[in-house]
């Protein structure tokens, strides 16, 4: 019993002695590049016969205010290789951002039904880049997809801009 107390006391002393030195910290978020070209991978929807397998997202940011996105291109690629450009599917797109955060949005109205809208959301945090889409009918959510992203290997625009 004495050995157990001694071991427990030693472990507790070691834990508290090294605790602050082993604190968890977030790595710094990279500066926003002038342009970003990403491939995002949505979860595979096995209920679909021809599911979306990747989403290509291209964004251009304001050179003077990186919070502002000036261009947003989103293309979905299906399993069979067919591609759907969101700018051709959704009209009246509005680009916005969440000031002070690395969050950018587009919102548009579906060309086939004005009661259907979509919001695309590109954001960067300590874990990397992500792209989400939410579709609404009469302002009620009917679909949501969240996708982690990576830089496209064939594009060299991911270099951070100089400050």
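Brief remarks on what is shown
Yes/no per residue for (1) free of Cβ contacts under 8 Å to residues at least 12 places away in the same chain; (2) surrounded by fewer than 18 Cβ atoms within 10 Å (Cβ to Cβ); (3) more than 16 Å from residue 97 (Cα to Cα); (4) in contact with a strand residue (DSSP E or B) (Cβ under 9 Å, 6 or more places away or on another chain):
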| position | (1), (2), (3), (4) |
| --- | --- |
| 40 | no, no, yes, yes |
| 45 | yes, yes, yes, yes |
| 60 | no, yes, no, yes |
| 68 | no, yes, no, yes |
| 72 | no, no, no, yes |
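- Any hit, region 6-29, residues being modelled with pLDDT under 75 and within 15 Å of the chain's Cα centre (by Cα): yes
- Candidates 144, 136, 130, filtered to the one that is modelled with pLDDT of 95 or more and within 19 Å of residue 35 (Cβ to Cβ): 130
- The single condition among (1) in a strand (DSSP E or B); (2) at pLDDT 95 or above that residue 42 does not meet is (1).
A quick yes/no check of all residues on (1) modelled with pLDDT of 90 or more; (2) touching a strand residue (DSSP E or B) at 6+ places or on another chain (Cβ under 9 Å):
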position: 64; (1), (2): no, no
position: 89; (1), (2): yes, yes
position: 94; (1), (2): yes, yes
position: 97; (1), (2): no, yes
position: 121; (1), (2): yes, yes
position: 148; (1), (2): yes, yes
position: 158; (1), (2): no, yes
position: 162; (1), (2): no, no
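The values are calculated or read from the model by the stated rules, or taken from the named source; none is laboratory data. Keep in mind that this is a model prediction, so the values were computed, not measured. All Cβ positions, glycine included, derive from the backbone under ideal geometry; neighbour counts span all protein chains shown.
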